[in-house]
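Working notes for the structure below.
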Amino acid sequence: MKIDDLKELESYIELVGKPLREDDRYDLVQLTYLTTKGQGIYGQLPLTHYEVLQRGISEYIENKSKEEKSSVIQYFLGESYQPEYEKYFLKSWQKLNSPYPKRFIQLPTDVDKTGGRGLGGMIQTTYLKELRAVRIRFLNSETNDFHNNELNIESYYPLTSPQISFILDIINMNNLSSSQIIIDDWTEEMGNKMTVSVSKGGVGAKGETIKRQLRLHSIVAQFHR
C-alpha cells in the first residue's frame, strides 16, 4: 500500500478509537495506540485493541472493490492471509453473524502460523511497522495504589516529537517511577527486540533508543531517592 493510502486508513482507525466524550481522553486505561502526530487511539469498551484496528480496516474498505478489499486485508495479514479471513472485515457479514450488539467476531487465533502472535497480532505488527505508531498501555492497579500502576510502550521506530510529548505527559501526571515503565524496543538500530525496564541497564545498551529519547536515564535518580 502507498503511504497516502495507509494514512487514509489510519484516519478510519482514529475515528473508531476516538473518545466518545472529550473527558475520555484522560481515561488512560482505554488508551491503545499513539500515532506519529501524537493522537491517542482508544479502545472504547467493549472493544479490544485488536478490534479497533479490525474495525478501522473494515470502515476503510467498505466501499472498495472486491479486489481492493482483498489486497488491503492481505497486506495486513501477510503470509498468514487466507481468503476465508476476509469475511471478518466485512460489516455486512458481521451484522448478520456477530452475537454481540456492538462487537465484531474476532479473527481466529491462528497462533501456529503467526509465530505465536495470532492474526490480531499480525495486523497490529503491520500497523506499528508501516505507520510508525506506538502500542501503549496504562495498567491501573486494582489496589488503588498508584505505585503499582504500569506503563507499557512498544515501538519499531524511534519516537516522533509529538509521541515523546504525549508519553512524558503520562509519566509526569502519574508520577511513574522507572520500575513502572516497561519498553518493548524494536527500533531498527538495535536489530532485535529487547524488553527494557528503565530501572535496569545503562545508557547506550541495546534496546534503549526509546528510553534515551524519553530521557528516562536522567530521571532514574529522582525516582530512587
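The values are calculated or read from the model by the stated rules, or taken from the named source; none is laboratory data. Please read all numbers here as calculations on a predicted model, not as lab measurements. All Cβ positions, glycine included, derive from the backbone under ideal geometry; neighbour counts span all protein chains shown.
Among I136, I73, which is part of a helix (DSSP H, G or I) and either buried (at least 18 other Cβ atoms within 10 Å of the Cβ) or basic (K, R) (or both)?
Testing whether each residue is part of a helix (DSSP H, G or I) and either buried (at least 18 other Cβ atoms within 10 Å of the Cβ) or basic (K, R) (or both) leaves just I73.
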With the structure loaded, tell me whether S11 is among the hydroxyl-bearing types (S, T, Y) and touching a helix residue (DSSP H, G or I) at 6+ places or on another chain (Cβ under 6 Å) or whether it fails that test. no
Of the residues L31, L53, which single one is modelled with pLDDT of 95 or more and surrounded by 20 or more Cβ atoms within 10 Å (Cβ to Cβ)? L53
Segment 85-101 residues that are surrounded by fewer than 17 Cβ atoms within 10 Å (Cβ to Cβ), paired with ones that are hydroxyl-bearing (S, T, Y) (beta carbon under 6 Å, 6 or more apart): K91/S58
Every pair of residues 6+ apart whose Cβ atoms lie under 8 Å, when the first sits in segment 138-153 and is more than 12 Å from I170 (Cβ to Cβ) while the second is assigned to a loop (DSSP other than H, G, I, E, B) and at pLDDT below 75: H147/S141; N148/S141
Residues that are of a type in the set (D, E, K, R), farther than 22 Å from D27 by Cβ and modelled with pLDDT under 65: does segment 207-224 have at least one? no
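Here is a yes/no grid of residues against (1) of a type outside the set (K, R); (2) over 23 Å from T35 (Cβ atoms):
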| site | (1), (2) |
| --- | --- |
| V52 | yes, no |
| R55 | no, no |
| E59 | yes, no |
| E62 | yes, no |
| S65 | yes, yes |
| V72 | yes, no |
| Q82 | yes, yes |
| K91 | no, yes |
